[in-house]
Amino acid sequence: MPSYSGFHKKTRQERLDILMQEKTFTPEALETLNTDRNLPEPIAGQMVENHIGTFALPMSVVPEMLVNNETYTLPLVTEEPSVVAALNYASQIIGKSGGFATSVQNRLMIGQVALYDLPDLEEAKATICQHKAEIIDLANASHPSILKRGGGARDLRLDIKEDFLIVYLLADVKEAMGANMINNMLEGIKPYLVELSQGQALMAILSNYATESLVTATCRIAFDRIPGGQETAKKITLASRLAQVDPYRAATHNKGIFNGIDALVLATGNDWRAIEAGCHAYACQDGQYRGLSSWSIVDDQLVGTLTLPMPIATVGGSIGLNPKVKLAFELLGHPDAKTLAGLVASAGLAQNFAALRALVTTGIQAGHMKLQAKSLAMLAGAQGDDIEIVAQKLREGQHTNLEKAKNILEELRKNQP
Ligand code: NDP
């Protein structure tokens, strides 16, 4: 078993060597790791219109994240320096208290056909209900390959909202996110719905409000594992309540959660806009935007829970195209979609713990500016060993900005041979 002690202080090559001791990489993944292979231009050019190049972001790992008694290496893609450090910190503390437990209640995607201009809304609803089985068969006939995989359309639900009759189709899309699959099914049933309702169809499209794909992550942290102990734990529960009652705080509380979630979603090549849209809608489910996580004290432990829609995929979209995404799945050990959903929720909860702990104790600026110092040093033009020298001098000062970084670098260069 490799030692991850002091992992963040090692060189990139040392980190890769440690990962390679533990993981059995395919030759392709090894090449990606060793040569920093990126999305090839010809593939990128086929993925989007008006392509002119590719755009890189740092990729990192948080090793040893304990979820459901298994240890995972989480790949993260983010430009924000403090995200990886915070997630690493939280995952170590939570790991020492038993790690995360996750559960996936269901994994169905929802699509909708909106009907309007109906002579009689209630009658149209009743008629469509009578033909439910036929409509489900028609949906399956529009994307038959998913049946062979054990998935397919499962249910129809109807709702009247003002003068719209909305038909919701629920489908098991197995390992995919299912947008195209559901859209095929909806397009397939649309003409029949129009015929049955004697109205018109305004649109047929997947809903990103994936309330039938909920995942929950929980953790229980012993007071003596939390710096500041019970006092800090109590303040974290207060911070959790604040995010329930104040939307201004809730938005920032949830942004912190998404620092972890987006980094993992992006690394796995998933549609992060879809995940964000669904989760923010869920945060507002009772009409007020609220924090997605909750923290409470049970016995001598701080208990955190995060429930959110997580229609994350392991196949489909651009997932198979980017070598770095393939590498991310190798690092994760090729989880299925439900397992990956649990890992994403755990990353969100860990990130939330780290942010709340910092906020209710030292504040987040100390840690942020410590990491930001390196970026400022590089922006000022520092290279190689000078980056850490300038960053260190910045950290020693009261206030850091680009001007100070430039001055420090200028002084340093004057004194260099
Ligand atoms: P794809 O269209 O790539 O479909 C996934 C395909 O993967 C399936 O058609 C299936 O093909 C194949 N597959 C292989 N193995 C499996 C498996 N085990 N389980 C399920 N499918 C499997 O992707 P999605 O339908 O998932 O759509 C996602 C894409 O749609 C994303 O790129 C997203 O950005 C985009 N999108 C998002 C929208 C939104 O969020 N509102 C709207 C429209 C598009 P087969 O069974 O035929 O072999």
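The values are calculated or read from the model by the stated rules, or taken from the named source; none is laboratory data. Keep in mind it's a predicted model, so treat the numbers as computed, not measured. Backbone-built Cβ (ideal geometry, glycine too); neighbour counts: all protein chains shown. Just so you know, the surface numbers come from the protein's heavy atoms only, side chains and all, with ligands and any DNA or RNA stripped out. Shrake-Rupley method; radii C 1.70, N 1.55, O 1.52, S 1.80 Å.
Every residue in the range 166-195 that is more than 9 Å from the ligand (Cβ to nearest atom) and buried (at least 21 other Cβ atoms within 10 Å of the Cβ), please.
Selection gives VAL167, LEU169, ALA171, MET185, LEU186, ILE189, LEU193.
What number goes with the only condition from (1) at pLDDT below 95; (2) outside any loop (DSSP other than H, G, I, E, B) that LEU308 does not pass?
Looking at each condition in turn, LEU308 falls short on (1).
Hey, among ALA373, ALA366, ALA337, ALA350, which residue is modelled with pLDDT under 90, within 28 Å of the chain's Cα centre (by Cα) and crowded, with 20+ Cβ neighbours inside 10 Å?
Of the residues listed, the single one that is modelled with pLDDT under 90, within 28 Å of the chain's Cα centre (by Cα) and crowded, with 20+ Cβ neighbours inside 10 Å is ALA373.
Would you pick out the residues in the range 196-236 that are of a type in the set (Asp, Glu) and surrounded by fewer than 18 Cβ atoms within 10 Å (Cβ to Cβ)?
Correct list: ASP224, GLU231.
So SER318 fits all but one of (1) open to solvent by 30 Å² or more (accessible area, probe 1.4 Å); (2) in contact with a helix residue (DSSP H, G or I) (Cβ under 7 Å, 6 or more places away or on another chain); (3) outside any loop (DSSP other than H, G, I, E, B); (4) within 16 Å of the ligand (Cβ to nearest atom); what number is the exception?
Unmet condition: (3).
For the range 254-269, check the following and say yes or no: at least one residue is more than 20 Å from VAL84 (Cα to Cα) and not in a helix (DSSP H, G or I).
No, the conditions are met nowhere in the range 254-269.
Report, by residue number, each residue of the range 196-221 that is more than 16 Å from the ligand (Cβ to nearest atom) and either at pLDDT below 95 or of a type in the set (S, T, N, Q) (or both).
SER197, GLN198, GLN200, THR216, THR218, listed by residue number.
Give me the pairs: first residue in the range 194-220 and over 30 Å from VAL67 (Cα atoms), second residue among the small types (Gly, Ala, Ser) and more than 16 Å from the ligand (Cβ to nearest atom), beta-carbon distance under 6 Å, and six or more apart or on different chains, which are they?
Hits for this filter: VAL194/ALA201; SER197/ALA124.
In the range 192-216, which residues are over 16 Å from GLY278 (Cβ atoms), in contact with a strand residue (DSSP E or B) (Cβ under 8 Å, 6 or more places away or on another chain) and not in a loop (DSSP other than H, G, I, E, B)?
LEU193, VAL194, SER197, GLN200, ALA201, LEU202, MET203, ALA204
Within the set of pairs 6 or more residues apart or between chains, which connect a residue that is free of Cβ contacts under 8 Å to residues at least 12 places away in the same chain and open to solvent by 10 Å² or more (accessible area, probe 1.4 Å) inside the range 257-275 to a residue that is within 13 Å of the ligand (Cβ to nearest atom) and not hydroxyl-bearing (Ser, Thr, Tyr) with Cβ atoms less than 7 Å apart?
Going by the 7 Å Cβ cut-off, the qualifying pairs are TRP272/VAL265; TRP272/LEU266.
So, ARG149, is that one without any contact (Cβ under 8 Å) to a residue 40 or more places away in the chain, within 16 Å of the ligand (Cβ to nearest atom) and open to solvent by 60 Å² or more (accessible area, probe 1.4 Å) or not?
Yes; evaluated as a whole, the condition is true for this residue.
Kindly indicate whether any position in the range 281-296 is within 16 Å of the ligand (Cβ to nearest atom) and assigned to a helix (DSSP H, G or I). If you could, list the steps in order and put the result at the bottom.
First, pick out the residues of the range 281-296 that are within 16 Å of the ligand (Cβ to nearest atom): 281-282.
Applying the additional criterion that residues be assigned to a helix (DSSP H, G or I) yields 281-282.
Taking every residue of the range 281-296 in turn, at least one turns out to be within 16 Å of the ligand (Cβ to nearest atom) and assigned to a helix (DSSP H, G or I).
For the structure I just gave you, tell me whether GLU122 is more than 16 Å from the ligand (Cβ to nearest atom) and either farther than 30 Å from GLN365 by Cβ or modelled with pLDDT of 95 or more (or both).
Yes; evaluated as a whole, the condition is true for this residue.
Residues of the range 1-37 being open to solvent by 70 Å² or more (accessible area, probe 1.4 Å) and in a loop (DSSP other than H, G, I, E, B), which ones?
Answer for the range 1-37, where residues must be open to solvent by 70 Å² or more (accessible area, probe 1.4 Å) and in a loop (DSSP other than H, G, I, E, B): MET1, SER3, SER5, THR11, THR24, ASP36.
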